[in-house]
Amino acid sequence: MRTPAAEPNAIGSGIRAARARRALILLVAVASGTAGAAQADRGQGGFVTVSGDRFIDAAGRGIILHGANVVDKTADFSATPWLSEGSFASMRTWGFNCIRLAFTWASLEPSPGEYSERCLAELDRRVDWARRNGLYVFLDMHQDLFSIRFSDGAPEWATLTDGKPHIAEGDVWSDAYLTSPAVQAAMDNFYANRPGPGGVGLQDRYARAWRRVAEHFAGNPAVVGYDLMNEPFAGSLVPRAMYLMAARLAQEPAARDGAAQADAPGILREWGSPAGRGRILALLEDPVLYGRVLDAAQPLLQEFDRTSLTPLFQRVTDSIRQVDRSHIIFLETGGSSNMGVLSAIGPMRGPGGGRDPLQAYAPHGYDLVTDTPAAAAASGARVELIFERHGRTARRLGMPMLVGEWGAYYGNARALGAAQVVCRQFERLLCGDTYWALERDLDSQPAFQAICRPYPMCVTGRLLSYSADPQGRTFACEWREDPAAAGESRIFIPQSYGPTRGRVMVRPAGSGFRIERVGPGSGNAYVVVPPMGRERVRRLTVE
């Protein structure tokens, strides 16, 4: 069944009805024992907010959001028949406290101005599973190659290609951003807000669709916020950016050694062959050279961030804020920043021109070998550059950072080392993350040892540092306690690190600590540290 779009004069009553529904749901939740434990983890079920560069729960504790993407890109939610509440219970035992829940514009608005009740019901079901298992949710309007016509995302009626062909060449699906005139035209028309059905601009339709989602979840504190668009690539600017990068690489003496033709077209042809791509990847192991190559396209791509992407996000934010002022806006970068181009995305503004108080930076981080058989051979130097630049952008924006996607190892037998390199970046940046993606057998995959790792889920104050040594099975965490914050600090420790009283130490000791098993039969545990009631730096170690 589909429901027509909400008219502006119906929005107020819709918000009141949504809040009443959510209040009833929360009353039912508190009545159950499982929900009660989950509420304790989430600061008694209130909304997550933002304070400077931190996420703050309802108890005033600083929190790290950590978990996985839960994804169904199909219009009818048919891709994950194995997904159940048991999947969410498993994620809780793995120490997760958050999921990035992906759906598509095509599933939400199959016809112009008509929203699918089935889509909203499926999202409700997953959000409720998450709530009952102590997991926060942020919602992601997902796209790959922009449209359901080429992969997933926008509906057919919103895909305006100007009659250009779809040419998908290359070994990786995302190469079509570079090779397909149809994909590029469809994205350009979207960024230009070109009129679609009924003479309504495509961005206007998209913003209204997000408003419908926000209206539906406005009163639900299990939902953290809204990730406005997955990996928005720059349309017809993408091949221009790649040409600029190739031209810069062609200037390097090392690029000329063994190359038949060291100019931009020659470099691009090399990139299109497995042997040539391998040679270029070897050159780009040098992070200084890699940075120079990325920077060649940076002015072009940053102009896109400023003049196309930020205005798109502002339009959507304005639409959401008509119905929902309680949830966080998650800002992604242009897709090229996934690989290290420094983002120029700007903060969202409120009606008076001041900063919206609830926003966060949500980039993705992938090495150049992602989605290839060589994914486990990711370059640590390139990965460090990518996340150093993300950290720089987060500081410029003055926002908390949650890395919405990383990984995509898909059971690769040699992926653990690559995953651990990425997790060290999260520790250094004190940021959250959601791994791509939840699979039925995720806990049996080699990279799972990095995904299910020790981290400070929430601390009564400001987190200062934390780090884990997977080889030595040791862990250390420091935070400065804030006497104004309520609740206890909770640090997740996997079974492999031996969360026992003989290995855990807290200094200053205060009133001590306790160890709580995450679930029946699980060796994973929380170390729960009551606050001291005054400002002190405290250190927890497992050794």
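The values are calculated or read from the model by the stated rules, or taken from the named source; none is laboratory data. All figures in this text were calculated on a predicted structure; none of them were measured in a lab. Cβ coordinates were reconstructed from backbone atoms using ideal geometry, including for glycine residues, and neighbour counts include every protein chain displayed.
Provide a single number: the residues in the range 165-189 that are of a type outside the set (Val, Ile, Thr) and more than 12 Å from Ser236 (Cα to Cα).
Result for the range 165-189: 9.
Kindly indicate whether any position in the range 497-511 is within 28 Å of the chain's Cα centre (by Cα) and surrounded by 16 or more Cβ atoms within 10 Å (Cβ to Cβ). Please lay out each step first, then the result.
So the first thing to find is which residues in the range 497-511 are within 28 Å of the chain's Cα centre (by Cα), and the list is 497.
Checking which are surrounded by 16 or more Cβ atoms within 10 Å (Cβ to Cβ) leaves us with 497.
Checked against the condition, which is being within 28 Å of the chain's Cα centre (by Cα) and surrounded by 16 or more Cβ atoms within 10 Å (Cβ to Cβ), the range 497-511 yields at least one hit.
Matching residues to (1) over 19 Å from the mean Cα position of the chain (by Cα); (2) assigned by TED's automatic domain parsing to the domain that holds Leu237; (3) without any contact (Cβ under 8 Å) to a residue 12 or more places away in the chain; (4) not in a loop (DSSP other than H, G, I, E, B):
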{"position": "Val341", "(1), (2), (3), (4)": "no, yes, no, no"}
{"position": "Ala344", "(1), (2), (3), (4)": "no, yes, no, no"}
{"position": "Pro347", "(1), (2), (3), (4)": "no, yes, no, no"}
{"position": "Gly353", "(1), (2), (3), (4)": "yes, yes, yes, no"}
{"position": "Leu385", "(1), (2), (3), (4)": "no, yes, no, yes"}
{"position": "Arg389", "(1), (2), (3), (4)": "no, yes, no, yes"}
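Return the pair list, or none, for Cβ contacts closer than 6 Å from residues in the range 236-258 that are charged (D, E, K, R) to residues that are surrounded by fewer than 21 Cβ atoms within 10 Å (Cβ to Cβ) and assigned to a helix (DSSP H, G or I), at least 6 apart or on different chains.
Note: pairs meeting the criteria are Arg248/Ala296.
Mind telling me which of the residues Met457, Met399 ends up being assigned to a strand (DSSP E or B) and either surrounded by 17 or more Cβ atoms within 10 Å (Cβ to Cβ) or modelled with pLDDT under 95 (or both)?
After applying the criteria, what remains is Met457.
Within the set of pairs 6+ apart or on separate chains, which have a first residue in the range 321-336 that is in contact (Cβ under 8 Å) with a residue 40 or more places away in the chain, a second that is β-branched (Val, Ile, Thr) and part of a strand (DSSP E or B), and C-beta atoms under 8 Å apart?
As it stands, the answer is His327/Val223; His327/Val224; Ile328/Thr49; Ile328/Val50; Ile328/Val224, since those pairs meet every condition given.
In the range 372-382, is there at least one residue being touching a Gly at 6+ places or on another chain (Cβ under 6 Å) and buried (at least 17 other Cβ atoms within 10 Å of the Cβ)?
no
Somewhere in the range 505-517, is a residue among the aromatic types (Phe, Trp, Tyr) and part of a strand (DSSP E or B)?
Within the range 505-517 (the criterion being among the aromatic types (Phe, Trp, Tyr) and part of a strand (DSSP E or B)), the answer is no, since none of the residues qualifies.
I need the full set of residues from the range 355-383 which are aliphatic (A, V, I, L, M) and either part of a loop (DSSP other than H, G, I, E, B) or free of Cβ contacts under 8 Å to residues at least 24 places away in the same chain (or both), in order please.
The answer is Leu358, Ala362, Leu368, Val369, Ala374, Ala378.
If a residue has to be closer than 21 Å to Gln143 by Cβ and either of a type in the set (Asp, Glu) or not assigned by TED's automatic domain parsing to the domain that holds Asp144 (or both) to count, how many in the range 293-305 make the cut?
1
Rundown of residues vs (1) more than 27 Å from Ala375 (Cα to Cα); (2) in the same structural domain as Leu312 (by TED's automatic domain parsing); (3) not small (Gly, Ala, Ser), yes/no style:
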| site | (1), (2), (3) |
| --- | --- |
| Arg131 | yes, yes, yes |
| Asp162 | yes, yes, yes |
| Ser174 | no, yes, no |
| Leu178 | no, yes, yes |
| Ala209 | yes, yes, no |
| Gly219 | yes, yes, no |
| Leu228 | yes, yes, yes |
| Pro232 | no, yes, yes |
| Val238 | no, yes, yes |
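Can you confirm whether Arg205 is part of a helix (DSSP H, G or I), modelled with pLDDT of 95 or more and in contact with a strand residue (DSSP E or B) (Cβ under 7 Å, 6 or more places away or on another chain)? Give the steps one after another, and end with the answer.
Numbers: part of a helix (DSSP H, G or I): yes; modelled with pLDDT of 95 or more: yes; in contact with a strand residue (DSSP E or B) (Cβ under 7 Å, 6 or more places away or on another chain): no.
No.
Out of the range 252-282, which residues are under 16 Å from Val383 (Cα atoms) and surrounded by fewer than 17 Cβ atoms within 10 Å (Cβ to Cβ)?
Answer for the range 252-282, where residues must be under 16 Å from Val383 (Cα atoms) and surrounded by fewer than 17 Cβ atoms within 10 Å (Cβ to Cβ): just Ala282.
In the list Ser273, Ser336, Ser326, Ser308, which residue meets the criterion of being in contact with a Leu (Cβ under 7 Å, 6 or more places away or on another chain), of a type in the set (Gly, Ala, Ser) and in the same structural domain as Glu169 (by TED's automatic domain parsing)?
It is Ser336.
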